[in-house]
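Contents: one structure, followed by commentary.
The values are calculated or read from the model by the stated rules, or taken from the named source; none is laboratory data. Bear in mind the structure is a predicted one, so any value in this text is a computation, not a measurement. Methodologically, a virtual Cβ is constructed for each residue, glycine included, from the backbone with ideal geometry; neighbour enumeration extends over all protein chains shown. Just the protein is used for accessible areas: all its heavy atoms, side chains included, with ligands, DNA and RNA removed. Shrake-Rupley method; radii C 1.70, N 1.55, O 1.52, S 1.80 Å.
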Amino acid sequence: YQLEYLSIPGNDFTGTLPATLGTLTKLTGFFAYDNSFSGPIPEELGLVESLEEIALNNNRLTGIIPESIYNLRELQKLYIYNNAMTGT
């Protein structure tokens, strides 16, 4: 897919973030803050090697930061505050 920028903040979206986000291989920015997404951040998001910025703050996400996120060499900004995530 050729999508480079996905911005869906402040829409009161609910449910979980889909694992299919990992198929958006050209994505550089993913902005889904100020919604009501729940559940974990999908491990597959870490497959999008072009990601430079992820904003998932102000949702209801749970769990830990997936290990795959740490492998994103282009990632410069990760916003995940104001969620119900665990870990250190």
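Within segment 21-37, count every residue that is surrounded by fewer than 19 Cβ atoms within 10 Å (Cβ to Cβ), within 12 Å of P9 (Cα to Cα) and not charged (D, E, K, R).
2
Could you list, ordered by first residue, the pairs with Cβ atoms under 7 Å in which the first is in segment 1-18 and at pLDDT 95 or above and the second is open to solvent by 50 Å² or more (accessible area, probe 1.4 Å), at least 6 apart or interchain?
Listed pairs, sorted by first residue: L3/K26; E4/K26; P9/Y33; P9/D34; G10/D34.
What's the total number of residues in segment 50-88 that are part of a loop (DSSP other than H, G, I, E, B), touching a residue at least 12 places away in the same chain (Cβ under 8 Å), exposed (fewer than 13 other Cβ atoms within 10 Å of the Cβ) and of a type outside the set (K, R)?
Going through segment 50-88 one residue at a time, the tally reaches 6.
Being under 19 Å from Y70 (Cα atoms) and surrounded by 13 or more Cβ atoms within 10 Å (Cβ to Cβ) is the filter here, so list the residues in segment 1-20 that pass it.
L17
If P40 satisfies every condition in (1) open to solvent by less than 70 Å² (accessible area, probe 1.4 Å); (2) within 10 Å of the chain's Cα centre (by Cα) but one, which is the exception?
With respect to (1) open to solvent by less than 70 Å² (accessible area, probe 1.4 Å); (2) within 10 Å of the chain's Cα centre (by Cα), P40 is out only on (1).
Quick check on my filter: what residues within segment 8-49 are part of a loop (DSSP other than H, G, I, E, B) and of a type in the set (D, E, K, R)?
To start, the set of residues in segment 8-49 that are part of a loop (DSSP other than H, G, I, E, B) comprises 8-13, 16-18, 24-28, 32-35, 40-42, 48-49.
Selection gives D12, K26, D34, E49.
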